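Take a look at the structure set out below.
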Amino acid sequence: MALTFSDLIEQARLAALAIKEYGEGLINPAVRLGITGLSRAGKTVFITALVHGLVRNGRFPVFEALSEGRVVRARLAPQPDDAVPRFDYESHVRALVADRVWPESTRQISELRLVIEYQSRSGAMRELVLDMVDYPGEWLLDLPLLSKGFEVWSAETLELSRGEPRARLAASWHAHLATLDAAGPADETAAIEAARLFTDYLATCRNERYAMTLLSPGRFLMPGDLAGSPALTFAPLEVPRDGVPHDGSLWAMMRRRYEAYKDVVVRPFFRDHFARLDRQIVLIDALAAFNAGAEAVRDLERAFRSLLDCFEIGRRTFLSALLRPRADRILFAATKADHLHHVSHDRLEAILRRMVERAIARADVAGATVDVIALAAVRATREAEVRRGGATLPCILGVPAPGEHAFDGKSFGGRIFDGKTEIAVFPGELPDHPDDLFAPGATPFHGLATGGAEDADFRFVCFRPPPLETTSDDAPALPHIRLDRALQFLIGDRLT
Ligand SMILES: Nc1nc2c(ncn2[C@@H]2O[C@H](COP(=O)(O)OP(=O)(O)OP(=O)(O)O)[C@@H](O)[C@H]2O)c(=O)[nH]1
Ligand SMILES: [Mg+2]
């Protein structure tokens, strides 16, 4: 692909950043940990639980530096970028631990720096600086736009919107689109209406019943400080993939805004937060997709493919290759594993491995160490065996969040949970063979998108965060599943 002027400027900026950080890194060894994940994947909870565990000496037996007693302390420190808000760790911990509610959806980018004081295996006292960034997951799917012009993006978005279940949800937007003349004069009212209907379509696709993930542009769903801005007033048009618009046409206007969106919103986000990572954890909530159905699972896979292609683009920039080692460890993590009995954790891992296997194959070639795990940053459930009709079902016990619907086995009752009562749930069994899930047109199970809740094979309920546990040395800690293994993989080697 030929380099455009914007690409060259971008590379020059990356060069300047890399040189600055290289100098800083000599004084203060830092690890920039990328916490990547789509909306609701569990990024904010992951960062909060990880920091809480490190600062409060949580129960992390697999995290060697801590279990060997070499971590002296971990403390929060002022972050490196003055222009980015601080991650509101204290409020998130208060919500999780004191109020036992989950943090709200993230609306803005934020950053947090943690300093781990530790003793190396040779006995020397050292510090490791860990920088983490949190952001709204919706924005992640803007990254694939960088390599696409308006016409290709329009064609792909329209093609996707013609498959089920999206076609049903796109009816109003499609009807309006049919009235537009792309080559006709630029019409602001038509552009506003098209953007509004297109945004409505994206929002409906995201609804938990359909749980579609491949939804861009990200700021349409989570505008941040751009709400109402003209940069968001565009929508796909029915135009040829390789066509060029006439000046003054609706097409030319939409194309200009699309490019402005990439320049003003997407490129800076990519530059500042993705092209400079040392380690990466990619969080994937496969269970929400299972609730919705097989089409949602395939959509999630498509979204990750297009995303992981972008990381390839990021890596190839010449200075990140020369001056700054790219992320040399990548962990793919299926989150919220506490929604399943542990007998299903291997299946969840196998499904995730199948979803990202192309990316894994490439990363192996490029020399990065890659692993896949199923984890729960915060474990909200316990396990139980429940006998029903002579059979023993592997169930989980937890307190459903207030407002969740009560159900019995597969049929929903009208009752709404009060947020206090503990229930036992058999969440369903994940498929044994991940390949069955991804074959086009396969319907290996039923989800909410195609029928009523009574017919759904899975129903992963939102449980309230758990009360604190007490560790062996009487410190209160948040329960988790394999958070320590994730930590060991991500930074264990930097604390030896
Ligand atoms: N049981 C359980 N639920 C979790 C866990 N992590 C996240 N969740 C659930 O998933 C929801 C989303 O988690 P967040 O951490 O806010 O997700 P996010 O990736 O920051 O989402 P955005 O801010 O929208 O991008 C939470 O409100 C919880 O309901 C976990 O470890 N266990
Ligand atoms: Mg968040």
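Just a few scattered comments:
- Residue tally, condition aromatic (F, W, Y) and over 21 Å from T213 (Cβ atoms), over segment 108-153: 2
- Once segment 68-84 is narrowed to residues that are outside any loop (DSSP other than H, G, I, E, B) and open to solvent by less than 60 Å² (accessible area, probe 1.4 Å), the residue that is farthest from P466 (Cα to Cα) is A77.
- When F220, F269, F234 are screened for being more than 17 Å from S154 (Cα to Cα), open to solvent by less than 60 Å² (accessible area, probe 1.4 Å) and out of contact with any strand residue (DSSP E or B) (no Cβ under 6 Å at 6 or more places or on another chain), only F269 passes.
- Being touching a residue at least 12 places away in the same chain (Cβ under 8 Å) and under 23 Å from G34 (Cα atoms) holds for only one residue in R298, R271, R241, R206, and it is R271.
- Members of segment 174-220 that are hydrophobic (A, V, I, L, M, F, W, C), closer than 21 Å to E295 by Cα and assigned to a helix (DSSP H, G or I): F198, L202, A203, C205
- Comparison of T199, T189, T179 shows that the only residue that is open to solvent by less than 50 Å² (accessible area, probe 1.4 Å) and of a type in the set (V, I, T) is T199.
- Among the residues listed as A227, A211, the single one being surrounded by 19 or more Cβ atoms within 10 Å (Cβ to Cβ) and modelled with pLDDT under 95: A211
- Residues considered: G163, G184. Of these, the only one that is more than 16 Å from ligand 1 (Cβ to nearest atom), open to solvent by less than 40 Å² (accessible area, probe 1.4 Å) and modelled with pLDDT under 95 is G163.
- Taking each residue of segment 364-392 that is within 30 Å of P465 (Cα to Cα) and looking for partners that are assigned to a strand (DSSP E or B) and at pLDDT below 85 with beta-carbon atoms closer than 8 Å, six or more apart or interchain, yields nothing.
- Some residue of segment 90-106 being open to solvent by less than 20 Å² (accessible area, probe 1.4 Å), within 16 Å of ligand 1 (Cβ to nearest atom), charged (D, E, K, R) and within 30 Å of G218 (Cα to Cα): no
- Test result for V97, touching a His at 6+ places or on another chain (Cβ under 8 Å), over 18 Å from L375 (Cα atoms) and not hydroxyl-bearing (S, T, Y): yes
- Given (1) in contact with a Phe, Trp or Tyr (Cβ under 7 Å, 6 or more places away or on another chain); (2) buried (at least 19 other Cβ atoms within 10 Å of the Cβ), index of the condition L146 fails: (2)
- For segment 85-106, the set of residues classified as within 15 Å of ligand 2 (Cβ to nearest atom), assigned to a loop (DSSP other than H, G, I, E, B) and not acidic (D, E) consists of P85, F87, V101, W102, P103, S105, T106, listed by residue number.
- Condition check for V55: away from ligand 2 (no atom under 16 Å from the Cβ), surrounded by fewer than 20 Cβ atoms within 10 Å (Cβ to Cβ) and among the aliphatic types (A, V, I, L, M): yes
- Those residues of segment 1-56 which are modelled with pLDDT under 95, within 16 Å of ligand 1 (Cβ to nearest atom) and of a type in the set (S, T, N, Q), in sequence order: T36, S39
- In segment 468-492, residue modelled with the lowest pLDDT [restricted to those that are surrounded by 14 or more Cβ atoms within 10 Å (Cβ to Cβ) and acidic (D, E)]: E469
- Matching residues, segment 131-167, being assigned to a helix (DSSP H, G or I) and of a type in the set (A, V, I, L, M): L140, L141, L143, L145, L146, V152, A155, L158, L160, A167
- Of all the residues in segment 383-406, those that are part of a loop (DSSP other than H, G, I, E, B) and open to solvent by 50 Å² or more (accessible area, probe 1.4 Å) number 3.
- Only one of the numbered conditions (1) touching a strand residue (DSSP E or B) at 6+ places or on another chain (Cβ under 9 Å); (2) more than 16 Å from ligand 1 (Cβ to nearest atom) is violated by E64, and that is (1).
- Qualifying residue in segment 126-137 (condition: touching a Phe, Trp or Tyr at 6+ places or on another chain (Cβ under 9 Å), away from ligand 2 (no atom under 15 Å from the Cβ) and open to solvent by less than 20 Å² (accessible area, probe 1.4 Å)): yes
- For segment 107-125, the set of residues classified as assigned to a strand (DSSP E or B) and either buried (at least 21 other Cβ atoms within 10 Å of the Cβ) or not polar (S, T, N, Q) (or both) consists of E111, L112, R113, L114, V115, I116, E117, Y118, M125, listed by residue number.
The values are calculated or read from the model by the stated rules, or taken from the named source; none is laboratory data. Since the model is a prediction, treat every value here as computed from it, not as a measurement. Neighbour counts are summed over all protein chains in view; Cβ atoms, including those assigned to glycine, are modelled from backbone coordinates with ideal geometry. In case anyone asks, the SASA skips ligands and DNA or RNA and just uses the protein heavy atoms, side chains included. Shrake-Rupley method; radii C 1.70, N 1.55, O 1.52, S 1.80 Å.
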